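Everything on this sheet refers to the single structure shown next.
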Amino acid sequence: MKRYAWAMAWLGLWAVSAGATIGHGQRPLPTVDLKQIHPSPSNPATTIAFTLSGELFTVGHRPKVSLKIYNVLAQLVAVPTLEGSGAVLDGQALACSDPSGCTFNAYWDGKVTRTGQRAAAGVYLYQLVVDGVRYTKKMVVMN
């Protein structure tokens, strides 16, 4: 575990047990829900869904969103694309007209960006960054 501690710290994966409290006059953070991958880890292509609450889009604000896939050494493996537009999710400003929020789907073809080859079997981390706030989950890729 010591060997990979720097990678986990860099990706913001340390679990902190301190509870967040909201003081008088402060608003809670907007809701961001990063979902688990589907259809399955044995399928080389996968979809990653995430939901952004309507509070993120108030007064015409367009949150900057990035979604990246890393290996356990914190090396960038791939940057998925946004389904529908095909835009790479790297600092992409998203829009939503629904006041309750929108769900977006990102697509990863299962290939490593640098080499174009299929990603090896193993554990990968996918990290969604919305206006500088990180949300990270783990996925297992099986060949």
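Could you tell me whether region 110-127 includes any residue that is within 19 Å of VAL32 (Cα to Cα), surrounded by 12 or more Cβ atoms within 10 Å (Cβ to Cβ) and more than 11 Å from the chain's Cα centre (by Cα)?
Of the residues in region 110-127, the ones within 19 Å of VAL32 (Cα to Cα) are 125-127.
If we keep only those that are surrounded by 12 or more Cβ atoms within 10 Å (Cβ to Cβ) as well, we get 125-127.
Among the residues that remain, those that are also more than 11 Å from the chain's Cα centre (by Cα) are: none.
Among the residues of region 110-127, not one is within 19 Å of VAL32 (Cα to Cα), surrounded by 12 or more Cβ atoms within 10 Å (Cβ to Cβ) and more than 11 Å from the chain's Cα centre (by Cα), which makes the answer no.
Specify which of the listed residues (VAL130, VAL88) is at pLDDT 95 or above and under 17 Å from LEU52 (Cα atoms). Break it down into steps so the answer makes sense when it comes.
On the way: VAL88 fails: under 17 Å from LEU52 (Cα atoms).
Exactly one residue qualifies, and that residue is VAL130.
Please go through region 79-100 and pick out each residue that is surrounded by 15 or more Cβ atoms within 10 Å (Cβ to Cβ) and under 17 Å from the mean Cα position of the chain (by Cα).
Start the filter on region 79-100 by keeping residues that are surrounded by 15 or more Cβ atoms within 10 Å (Cβ to Cβ), which leaves 79-82, 88-89, 92, 94, 96.
If the condition is that a residue be surrounded by 15 or more Cβ atoms within 10 Å (Cβ to Cβ) and under 17 Å from the mean Cα position of the chain (by Cα), then VAL79, PRO80, THR81, LEU82, VAL88, LEU89, GLN92, LEU94 are the ones that fit.
Does LEU76 meet the test of being closer than 14 Å to GLN127 by Cβ and surrounded by fewer than 16 Cβ atoms within 10 Å (Cβ to Cβ)?
Numbers: closer than 14 Å to GLN127 by Cβ: yes; surrounded by fewer than 16 Cβ atoms within 10 Å (Cβ to Cβ): yes.
Spelling it out, LEU76 is indeed closer than 14 Å to GLN127 by Cβ and surrounded by fewer than 16 Cβ atoms within 10 Å (Cβ to Cβ).
Would you check if GLY132 is loosely packed, with under 12 Cβ neighbours inside 10 Å, under 14 Å from the mean Cα position of the chain (by Cα) and either among the acidic types (Asp, Glu) or within 18 Å of THR31 (Cα to Cα) (or both)? Even if it seems obvious, please write down each step before you answer.
On the way: loosely packed, with under 12 Cβ neighbours inside 10 Å: yes; under 14 Å from the mean Cα position of the chain (by Cα): yes; either among the acidic types (Asp, Glu) or within 18 Å of THR31 (Cα to Cα) (or both): yes.
Yes.
Starting from region 83-98, keep only residues that are under 14 Å from PRO63 (Cβ atoms), then list their pairs with residues that are surrounded by 13 or more Cβ atoms within 10 Å (Cβ to Cβ) and among the charged types (D, E, K, R) whose Cβ atoms are within a distance under 6 Å, requiring at least 6 positions of separation or different chains.
From region 83-98, the pairs are GLY91/LYS64; ALA93/ARG62; ALA93/LYS64; ALA95/ARG62.
The values are calculated or read from the model by the stated rules, or taken from the named source; none is laboratory data. Every value quoted in this text rests on a predicted model; they were computed, and no experiment measured them. As a convention, Cβ positions derive from the backbone with ideal geometry for all residues, glycine included, and neighbour counts pool all protein chains shown.
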